[in-house]
Amino acid sequence: MIGRDYGWVTLPSLLILAASWFGPDQIANGCIAVLLVWPVGLFSVWWVRRLMARHPRRVAVGWGAVSLLRMTVALGGGCAFFFGQDREPADGVALWVWIIVAYLSTLAAEVFVLAKPGWVGRGTVGGKG
């Protein structure tokens, strides 16, 4: 079950890498986007799963924290690559498009994995509230 969840989070990154091969000048942009987003996505799933098992009441705080981490890594790393290299303006825009697509698709996969139907309310203490 857990391995399948990591597979769902990895799937958008693999699709982005496959799509970047259709444009020879976009391979680097696709790889940069995946390297900025994919490891943090895997960490996010691991961390939220750990919180679900150990501290169910802190899941929302944990998910918010890893969302902030994901945004920081994507924006900070994107800025480092954007300003750290001498690029054509069109190539810089393409880099940000790849980062945004990687970020949103990985986020959607994480939400799909972590907010499955039937999980809402799991681990709550007490009865109806």
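The values are calculated or read from the model by the stated rules, or taken from the named source; none is laboratory data. Not measured: the values here are computed from a predicted model. Don't worry about glycine lacking a Cβ; one is built from the backbone with ideal geometry, like all the others, and counts go over all protein chains shown. The protein model used for the area step is the full one, side chains on, heavy atoms only, and it has no ligands, DNA or RNA in it. Shrake-Rupley method; radii C 1.70, N 1.55, O 1.52, S 1.80 Å.
Overview of results
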quantity	calculated
Test: Val61 is aliphatic (A, V, I, L, M), at pLDDT 85 or above and under 15 Å from the mean Cα position of the chain (by Cα)	no
Condition check for Gly77: at negative phi, open to solvent by less than 60 Å² (accessible area, probe 1.4 Å) and touching a helix residue (DSSP H, G or I) at 6+ places or on another chain (Cβ under 7 Å)	yes
Extreme residue, most open to solvent (accessible area, probe 1.4 Å), among residues of the range 22-33 that are touching a residue at least 60 places away in the same chain (Cβ under 8 Å) and farther than 17 Å from Cys79 by Cβ	Asp25
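Yes or no, residue by residue, for (1) touching a Leu at 6+ places or on another chain (Cβ under 9 Å); (2) open to solvent by 40 Å² or more (accessible area, probe 1.4 Å):
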| site | (1), (2) |
| --- | --- |
| Val40 | yes, no |
| Pro56 | no, yes |
| Gly62 | yes, no |
| Phe81 | yes, yes |
| Leu95 | no, no |
